[in-house]
Amino acid sequence: MPPSARAAFAQPFIEDLVARSGIGPGMRVVVLGAAAGDVALLVAERVGPSGAVFGVDDDPGLIAAARQHAQEQRFEQVDLRGQRLETLEPDGPFDAVFGAFSLTREPDPIETIRTAAGLVRFGGRVVFVDWHFESMLWGLTSSWPGLPSYGQFARWTVEGLRRSGAHADMGLRLVNGFVEAGLPLPHVRTSLRAVAGHCPAGFGFFSETLREQLPALERFGIVTAREAGVDTLAERLRSEANACGGHAFLPLLAGVWVNKPDR
């Protein structure tokens with residue numbers, strides 16, 4: 001199961017976030033969200049064979065594929081479960097919870113953070129990471145100079161997320177969300193990546209995101225699959241960037257972490 005373009009670009013950031021947050025050998029960690037499978041294996045490398053990692057997501061297809069990958073890689077300490085966070089019944093508190101791109105589509109992100117933190121022992125780590133898709137609409141973090149195909153993609157993507165009830169601004173909401181959920185002010189780290197014409201994999205990030213959004217875009221009448229041209233988006237972006245010596249920005253990536261305080 002090769003990593004998606006988004007997973008590939010997020011991996012170095014996540015590895016650094018896991019290390020900075022203090023997740024280490026022997027810990028029991030629960031990983032939440034659509035990227036639970038990919039991130040669970042990264043966390044498993046950190047906690048080692050003496051630790052345990054539980055990956056939780058309510059998409060059975062994603063979990064099944066991730067479970068097969070974990071078995072192929074011989075990660076015996078990884079347990080991937082297709083269920084919702086609120087239905088998880090652990091046999092004891094975890095040392096850490098890692099929310100991997102899990103809040104963008106949650107109806108109540110604050111309650112999800114609060115519930116996740118409730119799974120962690122006092123002194124344990126609460127860690128979340130998410131994209132801030134709205135950054136693609138900001139003048140200085142979209143494309144330079146303005147790439148027409150990128151502008152369309154960014155507007156379609158953010159509008160589709162908004163109309164779907166998703167939180168296109170989740171990345172930078174994490175800090176305030178932790179405090180609102182009753183946690184201390186967390187540490188925060190952000191990452192902003194730019195891709196140019198010599199990096200075709202970077203433009204694959206955009207076509208992958210647009211393809212995922214297409215059902216919602218068509219449902220809300222924002223754009224049809226034919227008009228969106230998802231199959232040619234990456235090459236169109238790369239050609240436009242090459243023609244003007246320009247570049248495009250991936251969405252801002254934000255990660256926050258904190259130790260759960262005593263009562």
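No lab work stands behind these numbers, since they all come straight from the coordinates. All values derive from a computational prediction rather than experimental measurement. FYI the Cβ positions are ideal-geometry reconstructions off the backbone, even for glycines, and counts take in every protein chain you see.
Normalised by the residues of the chain, what does the relative contact order come to in percent, with Cα pairs under 8 Å and at least six apart?
Working: 503 pairs, mean separation 55.5, N = 263.
That works out to 21 percent.
The peptide list 253-260, 147-154, put in order of mean Cβ contacts within 10 Å with the highest first, becomes 253-260, 147-154.
Look at the dipole of the chain built from charges on Cβ: of Q11, V195, G245, the Cα furthest out on the positive end belongs to G245.
Which residue, chosen from G177, S143, G24, occupies the Cα position most advanced towards the positive end of the dipole of the stretch 5-259, where the dipole is computed from +1 (Lys, Arg) and -1 (Asp, Glu) charges on Cβ about the Cα centre? Of the listed residues, the answer is S143. Once you divide the Cα radius of gyration of the stretch 35-80 by 2.2 N^0.38 Å, the number left is 1.01.
Here each label is just a point 7 Å from Cα along the line to Cβ, and for A194 and E86 those points are 4.4 nm apart.
Considering only the chain, what is the antiparallel percent among its DSSP beta bridges, to the nearest 5? So the antiparallel bridges in the chain amount to around 45 percent.
The distance separating the Cα centre of the stretch 104-177 from that of the stretch 10-73 comes to 20 Å.
Couplings 3J(HN,Hα) of the stretch 103-112, computed from phi: 9, 3, 9, 7, x, 10, x, 5, 5, 5 Hz, in residue order, whole Hz [Karplus 6.51 cos²θ - 1.76 cosθ + 1.60, θ = phi - 60°; x for Gly and Pro]. The modelled label-to-label distance between R105 and V179, using points 7 Å beyond Cα along the C-beta direction, is 3.0 nm.
Taking 7 Å steps out from each Cα toward its Cβ at R162 and R121 produces label points 4.5 nm apart. Taking the longest Cα principal axis of the chain as reference, the axis of helix 36-47 is set at about 50 degrees.
Mean separation of Cα pairs under 8 Å and 6 or more residues apart, divided by the residue count, gives the stretch 1-153 a relative contact order of 21 percent.
For the stretch 204-226, the residues whose backbone nitrogen is under 19 Å from a point 7 Å from the Cα of C244, taken along Cα to Cβ, are 204, 206-207. Considering only Q77, P49, F94, and ranking their Cα positions along the charge dipole of the stretch 27-101 that arises from unit charges at the beta-carbon of Lys, Arg, Asp and Glu, the one farthest toward the positive end is P49. Between L137 and H187, the contour length at 0.36 nm per residue exceeds the Cα-Cα span by 15.4 nm. Taking Cα centre as origin and charging only the Cβ of basic (Lys, Arg, +1) and acidic (Asp, Glu, -1) residues, the dipole magnitude of the stretch 138-263 rounds to 220 debye.
Going by average Cβ density within 10 Å per residue, which order do the peptides 184-195, 43-54, 94-105 take, highest to lowest? Please report the intermediate quantities before stating the final value.
Values: 184-195: 15.7, 43-54: 18.8, 94-105: 24.8.
Ranking the peptides 184-195, 43-54, 94-105 by packing returns 94-105, 43-54, 184-195.
Placing +1 on the Cβ of every Lys and Arg and -1 on the Cβ of every Asp and Glu, with nothing else charged, gives the chain a dipole about its Cα centre of roughly 400 debye.
Amide H contacts of V223 (H built 1.01 Å from N, in plane; Pro and chain starts excluded): E218 sit under 5 Å, all sequence-distant by 5 or more or on other chains. A P(r) calculated from all alpha carbon pairs of the stretch 5-259, with 10 Å bins opening at zero, reads 7, 30, 34, 21, 7, 0 percent.
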